[in-house]
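K.L.:
I have a structure I would like to understand better, so I am pasting it below and will then ask my questions one at a time.
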Amino acid sequence: MSLEKHAPLFFALLFITACGGGGGSTPAAPPTATSPPPPPPPPPASQSAEPTQFEEQAILRGITFSSGYTNDMNPMVRMFAGGGAVGDIDDDGDLDIFITPGNTGPNLLYLNQGGTGFREDAASAGLAFTKSATETYRQSGPVFGDLDGDGDLDLFIGGLENDPSQVFQNNGSGQFINVTAGSGFDFMSSPYTISAALGDYDGDGDLDMAMAHWGTPRDQNNPGETETLWRNESSGGTIRFVAVSQQAGISSELGLDRSGGVLGEDHDYTFAPGFADIDGDGDQDLLSVADFGSSRVFTNNGDGTFTNITDPTRITDTNGMGAAIGDYDDDGDMDWFVSSIDGNRLYQNTGGNFVFPTEAQDVAQGGWGWGSCFADFNADGRLDIYQTNGWDVGMAPENSPYVDDTSRLWMSNPDGSFQDRGNASNMLDTEQGRGVICDDFDADGDVDVLLLTLDDQQAAMLWTNELADANTLSVELEGKAPNTFGVGALVSITISGTTQTRLVGVNSNFVSHNSTIQYFGLGDATEIEALRVEWPDGTSTEMNNIAANQHLTLQHPDR
């Protein structure tokens, strides 16, 4: 990647504070040190995290595009906006990718050609341009989800710099129609919508939405409706949402008093929302990754309201940006990885409370972190973590540790610790990474990584997993309408007394999200003793003695 070509756009803005800025405000004092702390000591030699090999194949597979926004957009937001969504939008059995690369060209829809590669055809799908027949709005954080409950994937895209957020309805064949008018999103006032997530917080069966609005001015003493939480009120094929953050008790708890933030107090610094039942009471709680020490844990009260239970002695990421939600310790509840600036956190769920365990602290020093995801990349039965990073675009590498900083591949050890094995896995890129999607794009059973970058020549890297002779299982759910993809379900498998659990989520990794397909590594096992699906409505599906190395599609019992 040529760093010089970015310098004209950004050199005046590259001070080391945190990930944000803009709006013409005078930057506040840096909340983080200008030089990174020393790296953690190497792990004991007795630990072993065997990596897998990856091969970068974006151009080979047909994913070629540049990233860029026009110069009239907030320069700091321009540094992290964009992103991608993944899902089978045409119901042909493979994963397609929608990308919002900026507003200097069209949006992109890469249709999967049966695992062999991709064909770009956003124009035919009605998604290439969102402003006019030849222009695209400044937008970010696209999300695929069945918003109207008819069994196919619709699309939401967040607006930037007061450009509109929009929703596009899938007609069932992979063609999309702009239905923003009357959707509720047409009245959104937040000037920046960076990322979004989907989940049924009110238990009525349809998918509600949480949003992140980094850079949006808010009055901390009277925030009003912050448009963080949206209730789905779609019916009769019409998509409609209502903002309910204030009545849900969220607006006043976002941490708008962050005087150390680059924009100062009275600004929303949220980056990556996610839904998960962290306390095991059957409803969806809300995890919000945010900048300048304002990440939040909101537990669902079951009556449409939430309680902020964030303990500042436990939730200690100082500049949270990206997120991954998963059960890394195999105890049945959802843990939370937050990528930050020289201060990642792997929050272990302990009965609904989070701690940062000593054995997992190797993941802390990850550079200037952005998108991240949990996945069992080497199929050994333990969740690993991929994390991308980068900042200081255009600065000389000797003047910043973040310019040529590499992505991290945190491989899980049996004792709960992690080792960065990016080098051993042949995926040591030094790109300015932002969005991350972890899925099986070539349908060979293992998990690949799509990395979205700021490169104005080739803005994607597709790391195809070259794992061979591994035992795996993938599970896809067909849920009961209107939650037709089973979002919020837990899928568990048991092998030799150990149970792995996956959450079917549509949660933000940072301006991007994974599909709802769940992937399991089986180690040496060729058979799964038991599989269980806990559906969002409380019903369950159970199976026994399942052969390895297959893709299962399971239907809701009442479907």
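K.L.:
Specify which residue in the list Thr453, Ala489, Leu428 is farthest towards the positive end of the charge dipole of segment 398-495, using unit charges on the beta carbon of Lys, Arg (+1) and Asp, Glu (-1), about the Cα centre.
P.N.:
Checking the options against the dipole of segment 398-495, the answer is Ala489.
K.L.:
What accessible surface, in Å², does a 1.4 Å probe find on Arg138, ignoring ligands, DNA and RNA and rounding to the nearest 10?
P.N.:
Number for this one is 30 Å².
K.L.:
Measuring from a point 7 Å past the Cα of Gln246 along Cα-to-C-beta, which residues in segment 190-217 have an amide N at less than 15 Å?
P.N.:
What the label zone holds, given the 15 Å backbone N cut-off, is 190.
K.L.:
Given contacts defined as C-alpha pairs under 8 Å and at least six residues apart, what's the relative contact order of segment 99-165, whole-number percent?
P.N.:
Working: 112 pairs, mean separation 17.1, N = 67.
Computed over segment 99-165, the figure is 25 percent.
K.L.:
Could you go through segment 448-457 in sequence order and give the Karplus-derived ³J(HN,Hα) for each residue, using 6.51 cos²θ - 1.76 cosθ + 1.60 with θ = phi - 60°, rounded to whole Hz, and x for Gly and Pro?
P.N.:
Couplings: 9, 10, 9, 9, 9, 10, 8, 4, 8, 10 Hz.
K.L.:
Which percent of the accessible heavy-atom area of the chain goes to carbon and sulfur, probe 1.4 angstrom?
P.N.:
46
K.L.:
If I stretch the segment between Thr498 and Ser132 completely, what's the gain in nm (0.36 nm per residue apart, minus their alpha carbon distance), one decimal? All intermediate terms of the calculation are to be shown ahead of the outcome.
P.N.:
Details: separation 366, 0.36 × 366 = 131.76 nm, distance 5.38 nm.
Residue separation times 0.36 nm, minus the Cα-Cα distance, leaves 126.4 nm.
K.L.:
Can you give me the Cα centroid spacing of segment 515-531 and segment 476-511 in angstrom?
P.N.:
Cα centroid to Cα centroid, the span is 12 Å.
K.L.:
Counting only the heavy atoms of the protein chains, how much of Leu95 is accessible to a 1.4 Å probe, in Å² to the nearest 10?
P.N.:
10
K.L.:
Give me the accessible area of Asp92, 1.4 Å probe, in Å² rounded to the nearest 10.
P.N.:
Roll a 1.4 Å probe over it and Asp92 shows about 80 Å².
K.L.:
Also: For every helix of n ≥ 4 consecutive DSSP H residues, a contribution of -39,500 (n - 2.57) applies; sum these over the chain, divide by its total residues, and give [θ] at 222 nm rounded to the nearest 500 deg cm²/dmol.
P.N.:
0 deg cm²/dmol
K.L.:
I need the shape label for segment 72-231. Rule: rounded when a/c is under 1.5, else prolate if a/b > b/c, else oblate, with a, b, c from the alpha carbon gyration tensor. Working shown, then result.
P.N.:
Working: a/c = 1.98, a/b = 1.32, b/c = 1.50.
Here segment 72-231 falls in the oblate category.
K.L.:
Follow-up question, since we're still on this one. If you average the C-alpha positions of segment 375-401 and of segment 222-296 separately, how far apart do those two centres end up, in angstrom?
P.N.:
So the two Cα centres are separated by 27 Å.
K.L.:
If you put +1 on each Lys and Arg Cβ and -1 on each Asp and Glu Cβ, how big is the dipole of the chain around its Cα centre, in Debye rounded to 20?
P.N.:
1500
K.L.:
Each label point is 7 Å from the Cα along the Cα-to-Cβ direction; what then is the distance between the points at Ser259 and Ala181, in nm?
P.N.:
4.9
K.L.:
Taking the Cα centre of segment 213-317 as the origin and placing charges on Cβ (Lys, Arg +1; Asp, Glu -1), which of Thr238, Thr307, Ser288 is farthest toward the positive end of the dipole?
P.N.:
Thr238
K.L.:
Largest first, what is the accessible-area ranking of Ile278, Ile517 with a 1.4 Å probe?
P.N.:
Ile517, Ile278
K.L.:
Can you give the FRET efficiency for Asp266 and Thr305, using 1/(1 + (r/R0)^6), R0 = 30 Å, r = Cβ-Cβ distance, to the nearest 0.05?
P.N.:
Efficiency for this residue pair is about 0.80.
K.L.:
Okay, next question. Computed from these coordinates, which is volume of the Cα convex hull per residue in Å³: [x] 132; [y] 144; [z] 230?
P.N.:
[x]
K.L.:
Residues of segment 125-167 with backbone nitrogen within less than 19 Å of a virtual label 7 Å along the Cα-to-Cβ line of Ser173, please, listed as ranges.
P.N.:
125-128, 150-155, by backbone N distance to the label point.
K.L.:
Here's another thing I want to ask about it. Let me check against my output: what whole-number percent is the relative contact order of segment 108-234, with C-alpha pairs under 8 Å and at least 6 apart? Please list the in-between numbers first.
P.N.:
Values: 242 pairs, mean separation 21.5, N = 127.
Dividing the mean separation by the residue count of segment 108-234 yields 17 percent.
K.L.:
Can you list residues whose amide H is under 5 Å from Asp333's amide H, if they're 5+ apart or on another chain and H is modeled 1.01 Å from N?
P.N.:
none
K.L.:
Something else: Tell me the relative contact order for the chain as a rounded percent, counting alpha carbon contacts under 8 Å between residues six or more apart.
P.N.:
RCO, the chain: 16 percent.
K.L.:
So how much slack lies between Thr350 and Glu55, counting 0.36 nm per residue of separation and subtracting their Cα-Cα distance, in nm? Walk me through the intermediate numbers first.
P.N.:
Numbers: separation 295, 0.36 × 295 = 106.20 nm, distance 3.70 nm.
Extending this stretch completely gives an extra 102.5 nm.
K.L.:
Also, I was wondering about something else. Report the local net charge at Asp415: Lys and Arg +1, Asp and Glu -1, summed over other residues whose C-beta lies under 14 Å from its C-beta.
P.N.:
My count for the surroundings of Asp415 gives -4.
K.L.:
Let me ask something additional. Hey, got the dipole for segment 204-316? About the Cα centre, +1 on K and R Cβ, -1 on D and E Cβ, debye to the nearest 20? Please report the intermediate quantities before stating the final value.
P.N.:
On the way: 6 positive and 20 negative charges, 60 e Å.
Once rounded to the nearest 20, the dipole reads 280 debye.
K.L.:
Got a sec? What order do His551, His213 fall in by accessible area at 1.4 Å, biggest, i.e. largest, first?
P.N.:
If we order His551, His213 from most to least accessible, we get His551, His213.
The values are calculated or read from the model by the stated rules, or taken from the named source; none is laboratory data. Please read these numbers as outputs of a predicted model, since none were measured by experiment. We place every Cβ from the backbone using ideal geometry, glycine too, and count neighbours over all the protein chains shown. Just so you know, the surface numbers come from the protein's heavy atoms only, side chains and all, with ligands and any DNA or RNA stripped out. Shrake-Rupley method; radii C 1.70, N 1.55, O 1.52, S 1.80 Å.
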